[in-house]
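Bear in mind these aren't lab numbers, they're just calculated from the coordinates by the rules spelled out. Predicted, not measured: the structure shown is a model, and the values here were computed from it. Using ideal geometry, Cβ is built from the backbone for each residue, glycine included, and neighbour counts are taken over all protein chains shown.
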Amino acid sequence: MGDKFSVDPEALLRASARFDLEGEQLATALSRLQASLRPLSGMCGNDAQGQKFGAGYDPNAQNLELALQHLATGLDAIGRGLEVMGINYQGSDAASQVRQGG
């Protein structure tokens, strides 16, 4: 019939918990970073050199912040997906068991 594969639902559930934890930790770290950097707004000054530096720095800092937000959201989504997959495999395994006399 061909190649077989097996899935360990418990391993999927363990992995999902790890992704959830890492996503939460990243989101918390990002919140701390945002709170720490907020008071530094306008740090480049208003002179020509400061304006020039800020024009290059600010968009890149915003892009990094957005990327980290997406990463935290992605980790959370992967964790949820693995959890659902593990639960579904557990359910399908249980439903496929042959029951005697019923």
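The table below lists the values:
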item: Matching entry among GLY79, GLY2, GLY74 (being of a type outside the set (Phe, Trp, Tyr) and in contact with an Asp or Glu (Cβ under 7 Å, 6 or more places away or on another chain)); result: GLY79
item: Residue that is over 15 Å from the mean Cα position of the chain (by Cα) and not in a helix (DSSP H, G or I), where the choices are SER36, SER6; result: SER6
